[in-house]
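The values are calculated or read from the model by the stated rules, or taken from the named source; none is laboratory data. These numbers come from a predicted model, not from an experiment. As a convention, Cβ positions derive from the backbone with ideal geometry for all residues, glycine included, and neighbour counts pool all protein chains shown.
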Amino acid sequence: MIKTAATSSLDPVVQVINPEGLHEVVLVCEHASAYIPPNFNDLGLDKQTATSHIAWDPGALETAKAMSKHLNAVLVAGCVSRLVYDCNRPPEAPSAMPDVSEIYTVPGNQGLSDQARRARAETYYRPFEQALKETLSNHEKPPVVVTVHSFTPTFLRQKRDVEIGILHDEDARLADAVLSIASGYDVRRNQPYGPEDGVTHTLRRHALRKNLLNVMIEVRNDLIASPDACSRMAKTLSLWVEQALTTLRALPEKGGAHDSSARLYRLGRYL
């Protein structure tokens, strides 16, 4: 089952997939689509660039959908290119509507007025933000926020060896637990991006403020370049998340070095 929110032109802005999912995890895929509404004329980009990795996270949505099935978890996904509006950025961030992405100039984002930026935020960001907020608020269990992204193997003409990044902001509980069990890949903390790059907005806006467990997962997109590859990766990532949550649940309630972490996890709090 999929629920969608649309603009007045009926273009979908956000979709909530498996809204009845019972797992404590709520999956988020901010960069799920390369779709640019027709009125933007591809933002002045050629077709190849407008559908490249600068416009979306290839493979991320299919991987997140497969994780949703494995976990029986709700998934909130964006439906519009991050070049129109990057839902993992606040409206005041220049990168929310980038005029340059990697080595590519985005003509349709050059010289945007404050009014134009506000209009895009209201049209594309606020519905996504509201859908995620409502999903978390209406969840039967204290939710765990897991965002799913992909990254290009080559950035600014530099090859990236890291295969999977486990990212976090101030709250590293879930990231630490995932990193302690992740294997079989080159997995690194806060790589190829970190909080200093502004990529943890969703975690900060929707998880840290409510003291919810959270983690951001980045997968190199050559590892999820086919449906079968997405399915395999989703199975692995789902297992890591499940095992990490089990590890956190098993922390001793009394005695030992992890007392406070265990208590905070059970209370759904982070201080």
Cβ pairs under 9 Å, 6+ apart or interchain, first in the range 162-179 and closer than 17 Å to ARG205 by Cα, second at pLDDT 95 or above and basic (Lys, Arg), ordered by first then second residue, are LEU167/ARG189; HIS168/ARG189; ASP169/ARG204; GLU170/ARG204; ALA172/ARG189
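Please determine whether any residue of the range 246-261 is charged (D, E, K, R), surrounded by fewer than 17 Cβ atoms within 10 Å (Cβ to Cβ), at pLDDT 95 or above and assigned to a helix (DSSP H, G or I).
no
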Going through VAL14, VAL26 one at a time, which residue ends up being modelled with pLDDT of 95 or more, outside any loop (DSSP other than H, G, I, E, B), under 15 Å from TYR85 (Cβ atoms) and not aromatic (Phe, Trp, Tyr)?
VAL14
Could you tell me how many of the residues in the range 193-202 are assigned to a loop (DSSP other than H, G, I, E, B), surrounded by fewer than 19 Cβ atoms within 10 Å (Cβ to Cβ) and either charged (D, E, K, R) or in contact (Cβ under 8 Å) with a residue 40 or more places away in the chain (or both)?
2
Residues satisfying the stated conditions in the range 203-245, i.e. in a loop (DSSP other than H, G, I, E, B) and either touching a helix residue (DSSP H, G or I) at 6+ places or on another chain (Cβ under 7 Å) or under 21 Å from ASP186 (Cα atoms) (or both):
LEU213, ALA225, SER226
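The rows are residues; the columns are (1) β-branched (Val, Ile, Thr); (2) modelled with pLDDT under 95; (3) assigned to a loop (DSSP other than H, G, I, E, B).
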residue: PRO127; (1), (2), (3): no, no, no
residue: LEU136; (1), (2), (3): no, no, no
residue: PRO142; (1), (2), (3): no, yes, yes
residue: ASP176; (1), (2), (3): no, no, no
residue: GLY184; (1), (2), (3): no, no, yes
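May I ask you to list the residues in the range 93-120 that are among the hydrophobic types (A, V, I, L, M, F, W, C) and under 23 Å from ASN214 (Cβ atoms)?
Listed by number, the residues that qualify are ALA93, ALA96.
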Scan (1) assigned to a helix (DSSP H, G or I); (2) touching a helix residue (DSSP H, G or I) at 6+ places or on another chain (Cβ under 8 Å) for the single condition ALA116 breaks and write down its number.
(2)
Scan the range 61-109 for residues that are part of a loop (DSSP other than H, G, I, E, B), in contact (Cβ under 8 Å) with a residue 24 or more places away in the chain and more than 18 Å from the chain's Cα centre (by Cα) and jot them down.
GLU102, ILE103, VAL106
